[in-house]
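Taking it in order: structure first as structure tokens, then the write-up.
Nothing in this text is a laboratory measurement; each read-out follows from the coordinates by a stated rule. Predicted model, so just to flag it, every value in this text is computed and none were measured. Positions of Cβ are backbone-derived with ideal geometry, glycine not excepted, and every protein chain shown enters the neighbour counts.
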Amino acid sequence: MVTFVTGKIYYMKSIQKTLFTLAAALLCIAFLLPRSGMAQVVKPSTKKRISIGVGLYTDIWMNTPDGMKARTINQGVQVFGTYNMPFGKGPFSFAIGLGLSIHNLYWNYRYQGDSLNFQFVKIEDTLKYKRSKICLPFLEIPLEFRLKTKSKVSVGVGFKVGYMIYAHSKWVGDDYLFNSTNALKASFKDIKNLEKFAYGPTLRVGYKWFNVNAYYSLASVFQKGTGIDIYPISVGFILMPF
């Protein structure tokens, strides 16, 4: 028997599912558009000014305290659009835009809603679980200085600032809420003690529309005073058909 929790605790039908669906659709478009006739509709001048990117990455969680373990692969997704401003007729340009990224932390902690401080506790050895994670979606403003060579090799060095819009925690495992033997699948919102802003430098290197990229967060996920000062380094790839 599986227990589904409602109210302030929402089972799997969360905003994240919608965001991942949107990102997956855009990812498919990014693969297909360069091969379709639709690509001919976009004028060359527009291509130089507007960039659309869809990417996947993994978060490497840094500064985890003793006893806290994160999964090796913490998959995330990002989508963005930027407006490019070239410096004359040379290969350099500056870009600014708007994007969305979703960071995930799969770990050995679970949600503890009645805590006034840090809202998570280490999962007890007596509990069996398949998944426990925090989902951290951010609306972002990316800035980037770009170099694009005649050989279609591109390099981007930038910085981005993000605002957290819907942080929540997910659990799939034993029902620790009601101390029963039932399986529990639940999503918890209203998580306290999270830093609302994230920011840090970015680096991107690509050929044509395929790029590898990295992001180093300078902000901790949790606020000061919680005793948990973790932050992600994101490494992945981005498809930029425009």
* Structure fact -> Filtered hits (aspartates and glutamates, Cα-Cα < 20 Å from K224, offset >= 8 within chain) -> D66, D114, D190, E195
* Which length gain, in nm to one decimal place, applies between E124 and S151 when the Cα-Cα distance is subtracted from 0.36 nm times their residue separation? -> 4.2 nm
* Asked: Roughly speaking, what is the stretch gain from S180 to F94, that is 0.36 nm per residue apart minus the C-alpha to C-alpha distance, in nm to one decimal?
  -> 25.3 nm
* **Two-site label geometry, I233 and A219: point separation in nm, points 7 Å out along Cα→Cβ** => 2.1
* Structure fact -> Of the listed links K170/K192; K152/K196; K69/K208, those spanning more than 26 angstrom between alpha carbons are K152/K196; K69/K208
* Asked: When the chain is fully extended, how far beyond the present Cα-Cα distance does K69 get from K189, taking 0.36 nm per residue of separation?
  -> 41.0 nm
